[in-house]
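Only one structure is covered here, and it is reproduced in the block below.
We did not get these values from a lab; they are worked out from the coordinates using the rules stated. Small disclaimer: the values here were computed from a predicted structure and weren't measured. Cβ atoms come from the backbone with ideal geometry, glycine included; neighbour counts cover every protein chain shown.
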Amino acid sequence: MALVRYRDVHYARRLIGRAAANLRLVSGALGARYLRIDPYRDFGGVADGDCERFVAGRQPAGFVRMNLAPYHLVLDEVAGRTLVEAGCNEGYGAALLARRAAQVHAFDLSSEAIAAARARYPLPNLAFAVHDVATPFPLPDASADLVFSSETIEHLREGRGFIAAAAKVLKPDGRLVIKTPNDAYNRLENRLNPYHTNSYDEARLHAELAEAFHEVAIEGITYQTDLVSAPEDRPEPAPPEARDYRFGDPIEIDRVLVTRMVVTPRRVPPGAGEVPEYLFARASRPRGRA
């Protein structure tokens, strides 16, 4: 257009040069990678397998907030109650629950995770312990109001031992809440993931919970991932007229285009005709209790 309409050869050459540079970027290794963005890797620096256990400071805070989202579905019902978290990792979820609960007992098989949790959350109503949650909990029978477990049961050799342990520690009107990847949605990923040794679809999870509980209800959770771009100003610490400058030095222009990963969790009710990414199960009234 510049050459035809304005006879501006120099401008046309600049446009062609810029287009060629962009083409080289897109067709090169860098362009090939970022045309196929892996949000967890490219935005969080999370290597394969690192999402299976959060380590403080390694993943962005947003990933921890995303992992905490399901905890907020039970916060309104834990005030003044005694809770167990099975598979607490480094304790961020247990600490959130302890803001409302009277007492939280949090268990994890990793001694490193428990040590980090104890150091970070020295709360009077929060107790951490190394324990295999597939075996009976080190607590009195019928002493807890709620057992919460997020993305743990799929890591166990089998889930019935954990479900039985939860039923045993719960009071007659107690409740077990489980979040786990939905095998009907993630079947290939689960088979390729060496950490997911015990995957569940809705039918299997319901059947195993019903063996130990009178009431079982399962809904879904899905996460919508978007890449959102917006301009952002990064102001210099001093105004331009106050900064030392030597003619010929590069000048930074501070307005940049920032791309962020934004994740929105959404509940999927039963019978919605949608296969959710995760199952969110509630089981009430352990069998054998009045």
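Restricting the range 165-193 to residues that are without any contact (Cβ under 8 Å) to a residue 60 or more places away in the chain and surrounded by fewer than 18 Cβ atoms within 10 Å (Cβ to Cβ) leaves a set whose member that is nearest to the chain's Cα centre (by Cα) is Glu189.
Being in contact with a helix residue (DSSP H, G or I) (Cβ under 8 Å, 6 or more places away or on another chain), farther than 28 Å from Arg287 by Cβ and surrounded by 10 or more Cβ atoms within 10 Å (Cβ to Cβ) is a property that Tyr223 has.
Take the residues in the range 243-269 that are under 22 Å from Phe63 (Cβ atoms) and among the basic types (Lys, Arg); name whichever of them is nearest to the chain's Cα centre (by Cα). Residue satisfying both the conditions and the ranking: Arg266.
Within the range 226-242, being surrounded by 10 or more Cβ atoms within 10 Å (Cβ to Cβ) and out of contact with any strand residue (DSSP E or B) (no Cβ under 8 Å at 6 or more places or on another chain) holds for one residue alone: Glu236. When you check Ala142 against the structure, is it in contact with a Leu (Cβ under 9 Å, 6 or more places away or on another chain) and under 17 Å from Ala212 (Cα atoms), yes or no? Yes, satisfied. Name the residues in the range 79-137 that are out of contact with any strand residue (DSSP E or B) (no Cβ under 9 Å at 6 or more places or on another chain) and either outside any loop (DSSP other than H, G, I, E, B) or closer than 16 Å to Phe54 by Cα (or both), would you? Passing the criteria: Tyr92, Leu96, Glu112, Ala116, Ala119, Arg120. Checked against (1) within 30 Å of Ala184 (Cα to Cα); (2) among the β-branched types (Val, Ile, Thr); (3) in contact with an Asp or Glu (Cβ under 7 Å, 6 or more places away or on another chain), Val258 passes all but a single condition, namely (1).
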